[in-house]
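The values are calculated or read from the model by the stated rules, or taken from the named source; none is laboratory data. From a predicted model like this one, the values you see are computed outputs, not experimental measurements. Ligands, DNA and RNA are excluded from the accessible area calculation, which covers all protein heavy atoms including side chains. Shrake-Rupley method; radii C 1.70, N 1.55, O 1.52, S 1.80 Å.
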Amino acid sequence: MYKRQVLTSHHVIQGGDEIIVALEDGRDAMASIVGTDPETDLALLQIDLDTLPVVRLSKAAPARGDIVLAIGNPLGLGSSVSMGIVSATGRSHLGIATFESFIQTDAAINRGNSGGALIDTRGNLIGINTAIFSSDGSWQGIGFATPASVAREVMDDR
């Protein structure tokens with residue numbers, strides 16, 4: 001067995017006694033927490049599996065107008081993908097996390113997308129889906145992701 005790391009949102013695993021990572025291929029794996037950073041709302045988990053899909057962390061920051069894909073488990077509908085554009089970068093003062101410099105996108109990020117990947121059209125991870133801006137808790141076209149550059153720093157610190 002190999003020890004693999006999984007990046008997600010801190011608020012997704014916060015307070016969880018048992019953390020189970022469900023994969024697209026139907027496998028489930030118990031996860032242990034490697035580290036958390038509530039300040040950026042990120043968590044690093046470890047699972048023991050022989051094979052695991054790997055996504056590259058983007059080295060380039062996304063730009064306004066870039067096409068992005070939000071992947072997650074919105075409303076329990078596993079492996080959902082939605083497409084949108086980057087509306088802005090560096091969004092802050094939203095009251096979501098202590099450290100805020102979010103990617104804003106109109107890709108549908110609903111409940112359950114938190115902790116999922118925001119990727120570019122080349123399959124590189126550009127962010128971790130974090131939150132929506134909504135008056136009623138449903139998607140209204142404004143979602144936020146923690147940039148991959150921040151995730152890389154948090155992972156390197158663990």
Given a 1.4 angstrom probe, I'd like the percentage of the accessible area of the chain that is carbon and sulfur, rounded to a whole number. 51
Backbone HN-Hα couplings from phi across region 37-49 [Karplus 6.51/-1.76/1.60, Hz, Gly and Pro as x]: 9, x, 5, 10, 6, 10, 9, 10, 10, 10, 10, 10, 9
Compute a Gaussian network model of the chain, connecting alpha carbons closer than 10 Å, and tell me which residue from Glu24, Glu39, Glu100 fluctuates the most. Glu24
For region 67-158, restrict the atom set to alpha-carbon positions and state the Rg and Dmax in Å. 12.2, 36
Averaged per residue, what accessible area in Å² does the chain show with a 1.4 Å probe, protein chains only? 55
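Relative contact order, percent, of the chain when contacts are C-alpha pairs under 8 Å separated by at least 6 residues?
22
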Helix 148-157 vs. the chain, principal-axis angle (Cα, 0 to 90°, nearest 10): 40
From the phi of every residue in region 113-118, what ³J(HN,Hα) in whole Hz does the Karplus formula 6.51 cos²θ - 1.76 cosθ + 1.60 yield, where θ is phi - 60° and glycine or proline is x? 7, 3, x, x, 8, 10
Could you compute Rg(Cα) / (2.2 N^0.38 Å) for the chain, with N its residue count? 0.97
For region 90-137, calculate the relative contact order in percent as a whole number, restricting contacts to Cα pairs under 8 Å that are 6 or more residues apart. 26
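Per 0.36 nm of contour for each residue apart, how much would the distance between Gln5 and Leu57 grow if the chain were fully extended, relative to their Cα-Cα spacing?
That pair, Gln5 and Leu57, stretches by 17.4 nm at full extension.
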Kindly provide the helix-only [θ] at 222 nm of the chain, computed as the sum of -39,500 (n - 2.57) over DSSP H runs of four or more divided by all residues, to the nearest 500 deg cm²/dmol? -2000 deg cm²/dmol
